[in-house]
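Colleague: My structure is below; once you've seen it, I'll send some questions.
Bear in mind these aren't lab numbers, they're just calculated from the coordinates by the rules spelled out. Quick caveat, the model's predicted, so the values are computed rather than measured. Glycine gets a Cβ as well: all are built from the backbone with ideal geometry, and neighbour counts include every protein chain shown.
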Amino acid sequence: MKSLSIPVFVLLIFGFFSIRAYSQVYTGPLTKEEAVALQKRLDQELKHSEKKIRFQVLPSIYYTPETRTAFGAVGILSFKFDAQDSILPVSKISPSFIYTQNAQILANVNFDMYTNRNWRVFGDVGYFVYPYFFSGVGNNHPGDYYEWYDATYPKLNLNVYRKIISDSISVGIRYDFQKSDIAPVENGILETGTYNGANGSTQSSVGLGLRYDSRSHIWSSTSGWYADFSLMFSEEGLGATYSDQYYKLDVRKYFTISKKKDLIAVQFYGEIHTGKIPFNLMALLGGSEQMRGYRMGIYRDRTMLVYQAEYRSRLFYKYFTFALFANMGGIGNSLEDVNANYRYTAGGGIRYTPLPKERLFIRFDYAWGNKTEGFYIAVGEAF
């Protein structure tokens, strides 16, 4: 199950103080006193920027159809393993606590640490109380039916990557753990059916990852490629309650189509499981990032392919852009099943950024398809 842990409110706060700071512009020659005061202020700012450790606690709020309104707090601990290395990226540890309108509780710690210029350790660890809905597996069930089940689980995602050949290419080891306690609704299809994991399961997966990243910006790129491939294994010998070998491939390309930075973004995402995977760990169609317009998990199965294209406008009024997008995706027990059951959605939205140079946007998206629709408020582009 995916959840958005990036706070919309955080970006608004940063934007307010950034706009306020940049509005103080010196337009004429300085007096001696003004020069001394300005130098003192710059020294203070420099000293503050060179601090080895910073910590902030800020409010968080967002909206998706799967959670409805969600609110809570997020902490941001920023530091460098080598404070004297100006090229080394800043490491961050971000604990968060979120409660949603659907009575979901998300306690999570996200981490992204650069131990030196070549090694990166990233992932998250958390504990979730997450009531969610279930409609069935595959394509042959009514799209408007769902029932709720209770899921409680600790979760760990750990990745250790090293750069190879160039700064854009890295390879690493990945590990996923999730121990799910499931309580189906009484006499529902999950309880009365024969779905793997209906009474709980344990995931313990280890594998390899390969990543290529030449994007101009992490949050909203205007050029470059992103490709991420994973090969993972779950076995009883690793502590799992099932056996599975699965593959994930995420490929994105960004094209600038005008001098004023209008652009086209395209994505292919594929996920293939070969074993008897629990129902709650299957590929889930829909959500705020893939196939917007479908609730995440309304359709689920062992195999999923998604194709997405999005037009993103240049900035207007300095802080705004808009987007138009179209999606095609399908799930099934096999690739043949996916190819026979593609679904389509389209939509658009407005983006706002108080930090234009960083291209970190709050997006407001609406998407619709055949008897389905969804509204989303999130930070960062869908892909």
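Colleague: Take peptides 259-272, 64-77 and line them up by average Cβ neighbours within 10 Å, highest first, as a rough protection proxy.
Modeller: 64-77, 259-272
Colleague: Between Phe320 and Val121, 0.36 nm times their residue separation minus their Cα-Cα distance comes to what?
Modeller: 68.2 nm
Colleague: Here are some pairs, Lys260/Lys318; Lys260/Lys357; Lys92/Lys357; Lys52/Lys357; which of them have Cα atoms lying more than 19 Å apart in this structure?
Modeller: As for pairs spanning more than 19 Å Cα to Cα, those are Lys92/Lys357; Lys52/Lys357.
Colleague: Quick one: order Ser135, Ser288 by neighbouring beta-carbon count within 10 Å, fewest to most.
Modeller: Ser135, Ser288
Colleague: Another question, then. If you build the convex hull over the alpha carbons only and average its shadow over all orientations, what do you get for the chain? Give it in nm² to one decimal.
Modeller: Average of the hull's projected areas for the chain equals 21.0 nm².
Colleague: Can you compute the modelled spin-label distance between Ser78 and Asn102, with each label point 7 Å from Cα toward Cβ, in nm?
Modeller: For the pair Ser78/Asn102, the computed spacing is 3.3 nm.
Colleague: Looking only at region 333-370, which residues have a backbone nitrogen under 11 Å from a spot 7 Å from the Cα of Trp219 in the C-beta direction?
Modeller: The answer is 352-363.
Colleague: Measuring from a point 7 Å past the Cα of Glu336 along Cα-to-C-beta, which residues in region 293-310 have an amide N at less than 17 Å?
Modeller: Of the residues in region 293-310, 302-304 have backbone N under 17 Å from the label point off Glu336.
Colleague: On full extension of the chain, what length is gained from Leu210 through Ile53, given 0.36 nm per residue of separation minus the C-alpha to C-alpha distance?
Modeller: 53.4 nm
Colleague: So which chymotrypsin sites (Phe, Trp or Tyr not before Pro) in region 305-343 are both in a DSSP loop and have at most 15 other Cβ atoms within 10 Å of their Cβ?
Modeller: Within region 305-343, the qualifying chymotrypsin sites (Phe, Trp or Tyr not before Pro) (loop, at most 15 other Cβ atoms within 10 Å) are Tyr317, Tyr319, Tyr342.
Colleague: What order, most packed first, do the peptides 116-123, 360-367, 372-379 have when packing is the mean number of other Cβ atoms within 10 Å of each residue?
Modeller: Packing order, densest peptide first, comes out as 360-367, 372-379, 116-123.
Colleague: Lys357 to Ile93: FRET efficiency via 1/(1 + (r/R0)^6), r the Cβ-Cβ distance, R0 30 Å, to the nearest 0.05?
Modeller: The calculated FRET efficiency here is 0.75.
Colleague: Here's another thing I want to ask about it. Just to be sure I understand: if I project the alpha-carbon convex hull of region 250-354 onto a plane and average over all orientations, what area do I get in nm²?
Modeller: Projected area, direction-averaged: 7.5 nm².
Colleague: If you don't mind, there's one more thing I want to ask. Specify the angular offset, from 0 to 90 degrees and rounded to the nearest 10, of the alpha carbon long axis of helix 32-49 from the longest principal axis of the alpha carbons in the chain.
Modeller: So the helix axis and the longest Cα principal axis differ by about 30 degrees.
Colleague: Relative to 2.2 N^0.38 Å, what does the C-alpha radius of gyration of region 216-293 come to as a ratio? Two decimals please.
Modeller: Output field value: 1.48.
Colleague: Taking the mean number of other Cβ atoms within 10 Å as a proxy for protection, how do you rank 276-285, 170-179 from highest to lowest?
Modeller: Final packing ranking: 276-285, 170-179.
Colleague: Oh, and also: Take Asp167, Asp150 and order them by how many other Cβ atoms sit within 10 Å, fewest up front.
Modeller: Ascending number of Cβ neighbours within 10 Å: Asp167, Asp150.
Colleague: Using the Karplus curve 6.51 cos²θ - 1.76 cosθ + 1.60 with θ = phi - 60°, work out ³J(HN,Hα) for each residue of region 255-272 in order, rounded to whole Hz, and write x for Gly and Pro.
Modeller: Calculated HN-Hα couplings, in order: 10, 7, 10, 7, 5, 9, 6, 5, 8, 10, 10, 10, 8, 10, 10, x, 9, 10 Hz.
Colleague: Follow-up. Using Cα atoms only, what is the angle between the long axis of helix 8-22 and the major principal axis of the chain, expressed in degrees (0 to 90) to the nearest 10?
Modeller: So the inclination is approximately 10 degrees.
Colleague: Expressed as a whole number of Å, what is the distance separating the alpha-carbon centroids of region 232-281 and region 91-165?
Modeller: 14
Colleague: Continuing with this model, one more query. Whole-Å semi-axes of region 62-181's equivalent ellipsoid, largest first, each the root of 5 times a Cα gyration tensor eigenvalue?
Modeller: 35, 19, 12
Colleague: Label-point separation (nm) for Asp150 and Leu238, each offset 7 Å from Cα along Cα-to-Cβ?
Modeller: For the pair Asp150/Leu238, the computed spacing is 3.0 nm.
Colleague: While we're here: Over region 207-346, calculate the relative contact order: mean separation of alpha carbon pairs under 8 Å at least 6 apart, over the residue count, as a percent.
Modeller: Computed value for region 207-346: 16 percent relative contact order.
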